[in-house]
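What follows is a set of notes on a single structure, which appears directly below.
The values are calculated or read from the model by the stated rules, or taken from the named source; none is laboratory data. Only a predicted model underlies this, so the values are computations on that prediction, with no experimental measurement involved. FYI the Cβ positions are ideal-geometry reconstructions off the backbone, even for glycines, and counts take in every protein chain you see. Calculation scope for accessible area: heavy atoms of the full protein, side chains included, ligands and nucleic acids excluded. Shrake-Rupley method; radii C 1.70, N 1.55, O 1.52, S 1.80 Å.
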Amino acid sequence: MSNHFLLRDALAEFPPYVPGKPPASAPGLKPYKLSSNENHLAPLPGVTDAIADAGRVPANYPDPKSTKLVTAIAAHLDVDEAEVVPGAGASEILSALTNITLEAGTSVVYPWPSFEMYPILASARGAEKRPVPLLEDGRHDFQGLVAAIDDTTRLILLCSPNNPTGPSVSTSELDGFMAEVPAEVIVVLDEAYFEFATAAEVVDGMDAYRKFPNLVLARTFSKAHGLAGLRVGYGVADPRIASALRQVIAPFSVTSAAQVAAEESLSRNDEVLVRAKEVAATRDQLEQDLRDAGLTVSDSQGNYVWVSFGAEDAQAFEAACAEQAVAIRRLSGGVRISIGADEALERVREVAKSFAESRTA
Ligand SMILES: Cc1ncc(COP(=O)(O)O)c(C=O)c1O
C-alpha cells in the first residue's frame, strides 16, 4: 500500500476556510448564532410551500438550466437571459469566475480583509494572490488596488458591502476605478449583501453593470432572501463571459428546491427588501449603541457590524459573548456580529457595556 497519494503540493499552502462557530450552551440561556451572517427571520410564506413541493420528487434531477429561475431573474433585472448564470450560491459563481480566468502565471487582485473564499479560490487555481489592505475605516483602497494590477492580472474582486468590515463601494469610487482597469480584465462586484445597504452613495450594481462590459455581478439568495441552506445565487455578466461560466459550472448544481424557492422569493422581492431595511435599521442602532459603549465600530452596510479590536480584546469579547450563549465571529483585526434576534443583540450590548467598563476600570 502506498504511504502517500499524488496530491498537489500547493494544498499545504491553501488558507483554511473557518466557518462561523455554533453557539456555546449556557445554563438557562437560549443559544444564538451571530457568526455566519445568516438571516434570522423566518422564510416568506410561499417559499416553504415551494420547497416542500419540490421535495416530493427527490428522484428526479433538477432542470439543469434553472430555466424558470433564469427567466424570473432576467425579467426582474431587465437583462437578457443570456446574461444570467445561476449557481449553488454566489460561492459557485465566484469559483467559476476564478476557473475561467486564473491559472499559474496569472494574478488576482482583491481587498483584504474580505470574503475568505477569495484567497482559497486563488490558491486552488495556482494564481498569484494580491491582497490589498483595506483603508483604516474598512473601505477598499482603490489606489492600492490599481497599483496592484499588472499585465498578469486576470481577475479583480470587489466586495460591496465588504464582509467583514461593512462599508460599501460608492458609485464615484467604482467609476474612478473602472477607468483605470484595462477593459479586457474582468472585475467582479460581489454584492452578497447589497439588499441591506442604505447609504445614498452606495453603488448600484446593475447601473454599474450597464456602464462597464467587463463588470460581473455576483449575487445570492443566501442573505436577504434567507435561503443559505438551499445554496442558490447567480452571476450577471456579458453573454460571452456568462457562457464561459456555464462551461465550468457543474450541471444540476442548483437543486429543484433551491430553484423554486429562489423564484418564489424573488416574486416577493418587495417584502424581502422591506425586511432587509428593517435589519439595516437594527444594524444602525446596534452600531450606535456599541459606539456609545466606547467600542470602535465601522459603518456597515451589510447585515452585520464590525468592531475593531486588537487580538487579545477580540478573543476576550468573543469569549464574553460565548458565556452568554451568543456565537460571534472573531477575525484578524476585530469581531463581526451578525444581526439576529433582539434578545441576542441585547446580550451583545450588555457584554459591550461591561467590556468597556472593565477596560477603563
Ligand atoms: C461577501 C460574500 N460573498 C459571497 C458569499 C457566498 O454566499 P453563498 O455562497 O451562500 O451565496 C458570502 C457568504 O458569506 C459572502 O460573505
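Search the stretch 250-260 for residues being touching an Asp or Glu at 6+ places or on another chain (Cβ under 9 Å) and in a loop (DSSP other than H, G, I, E, B), and hand back the single one that is most open to solvent (accessible area, probe 1.4 Å).
The qualifying residue most open to solvent (accessible area, probe 1.4 Å) is PHE252.
Taking into account only those residues within the stretch 98-119 that are open to solvent by less than 30 Å² (accessible area, probe 1.4 Å) and in a helix (DSSP H, G or I), which is farthest from the ligand (Cβ to nearest atom)? Give the steps one after another, and end with the answer.
Step one: of the stretch 98-119, the residues open to solvent by less than 30 Å² (accessible area, probe 1.4 Å) are 98, 101-102, 106-111, 114, 118-119.
Now restrict to residues that are in a helix (DSSP H, G or I): 98, 101, 118-119.
Numbers: THR98: 13, THR101: 17, TYR118: 9, PRO119: 13 Å.
The extreme case among them is THR101.
Out of everything in the stretch 29-59 that is more than 16 Å from the ligand (Cβ to nearest atom) and among the small types (Gly, Ala, Ser), what residue ends up being farthest from GLU263 (Cα to Cα)?
Ranking the candidates gives ALA59 first.
Scanning the stretch 285-300 for residues that are open to solvent by 70 Å² or more (accessible area, probe 1.4 Å) and more than 19 Å from the chain's Cα centre (by Cα), which turns out farthest from VAL169 (Cα to Cα)?
Filtering the stretch 285-300 down to residues open to solvent by 70 Å² or more (accessible area, probe 1.4 Å) leaves 285, 288, 291-292, 296, 299.
Narrowing further to those that are more than 19 Å from the chain's Cα centre (by Cα): 285, 288, 291-292, 296.
Working: GLN285: 22, GLN288: 21, ARG291: 23, ASP292: 26, THR296: 21 Å.
Going through the qualifying residues, I end up with ASP292.
Within the stretch 5-28, identify whether any single residue is more than 16 Å from the ligand (Cβ to nearest atom), among the acidic types (Asp, Glu) and within 30 Å of VAL307 (Cα to Cα), and answer yes or no.
yes
Quick one: in the stretch 106-140, of everything that is in contact (Cβ under 8 Å) with a residue 60 or more places away in the chain and hydrophobic (A, V, I, L, M, F, W, C), which residue is farthest from CYS159 (Cα to Cα)?
ALA124
For a quick check of your reading of the model, give me the residue pairs whose first member lies in the stretch 94-105 and is more than 13 Å from ARG219 (Cα to Cα), whose second is open to solvent by 10 Å² or more (accessible area, probe 1.4 Å) and of a type in the set (Ser, Thr, Tyr), with beta-carbon atoms closer than 8 Å and at least 6 apart or on different chains.
These pairs meet every condition: GLY105/THR152.
Can you tell me which residues in the stretch 216-249 are in contact (Cβ under 8 Å) with a residue 60 or more places away in the chain and open to solvent by 50 Å² or more (accessible area, probe 1.4 Å)?
Once the filter is applied, which keeps residues that are in contact (Cβ under 8 Å) with a residue 60 or more places away in the chain and open to solvent by 50 Å² or more (accessible area, probe 1.4 Å), the stretch 216-249 yields ARG231, PRO239, SER243, ARG246, GLN247, VAL248.
Residue-wise test of (1) in contact (Cβ under 8 Å) with a residue 24 or more places away in the chain; (2) surrounded by fewer than 18 Cβ atoms within 10 Å (Cβ to Cβ).
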site: ASN39; (1), (2): yes, no
site: SER66; (1), (2): yes, no
site: ALA75; (1), (2): no, yes
site: ASP80; (1), (2): yes, yes
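With the requirement that a residue be polar (S, T, N, Q) and over 24 Å from ALA82 (Cα atoms), what does the stretch 178-230 give you?
First, pick out the residues of the stretch 178-230 that are polar (S, T, N, Q): 198, 214, 220, 222.
Hit for the stretch 178-230 is THR198, nothing else.
Here are some conditions: (1) in a loop (DSSP other than H, G, I, E, B); (2) open to solvent by less than 80 Å² (accessible area, probe 1.4 Å). THR282 meets all but one. Which one does it not meet?
(1)
Inspect all residues belonging to the stretch 156-172 and state whether any of them is over 30 Å from GLU271 (Cβ atoms), open to solvent by less than 20 Å² (accessible area, probe 1.4 Å) and out of contact with any His (no Cβ under 7 Å at 6 or more places or on another chain). Working first, answer last.
Start the filter on the stretch 156-172 by keeping residues that are over 30 Å from GLU271 (Cβ atoms), which leaves 156-157, 172.
From what is left, the residues that are open to solvent by less than 20 Å² (accessible area, probe 1.4 Å) are 156-157.
Of the ones still in play, those that are also out of contact with any His (no Cβ under 7 Å at 6 or more places or on another chain) are 156-157.
There is at least one residue in the stretch 156-172 that is over 30 Å from GLU271 (Cβ atoms), open to solvent by less than 20 Å² (accessible area, probe 1.4 Å) and out of contact with any His (no Cβ under 7 Å at 6 or more places or on another chain).
For the subset of the stretch 175-201 comprising residues that are more than 12 Å from the ligand (Cβ to nearest atom), in contact (Cβ under 8 Å) with a residue 40 or more places away in the chain and hydrophobic (A, V, I, L, M, F, W, C), which member is surrounded by the fewest Cβ atoms within 10 Å (Cβ to Cβ)?
The residue in question is ALA199.
I'm told PRO15 meets every condition in (1) in contact with an Asp or Glu (Cβ under 8 Å, 6 or more places away or on another chain); (2) under 17 Å from GLY340 (Cβ atoms) except one. Can you identify the failing condition by its number?
Checking PRO15 against (1) in contact with an Asp or Glu (Cβ under 8 Å, 6 or more places away or on another chain); (2) under 17 Å from GLY340 (Cβ atoms), the one that fails is (2).
Just to be sure, is SER95 farther than 17 Å from ALA262 by Cβ, within 16 Å of the ligand (Cβ to nearest atom) and open to solvent by 10 Å² or more (accessible area, probe 1.4 Å)?
Yes.
From GLY294, GLY333, grab the single residue that is touching a Lys or Arg at 6+ places or on another chain (Cβ under 8 Å) and more than 23 Å from LYS30 (Cα to Cα). Don't jump to the end; show me each part of the working.
Values: GLY333 fails: touching a Lys or Arg at 6+ places or on another chain (Cβ under 8 Å).
Checking each option against the conditions leaves just GLY294.
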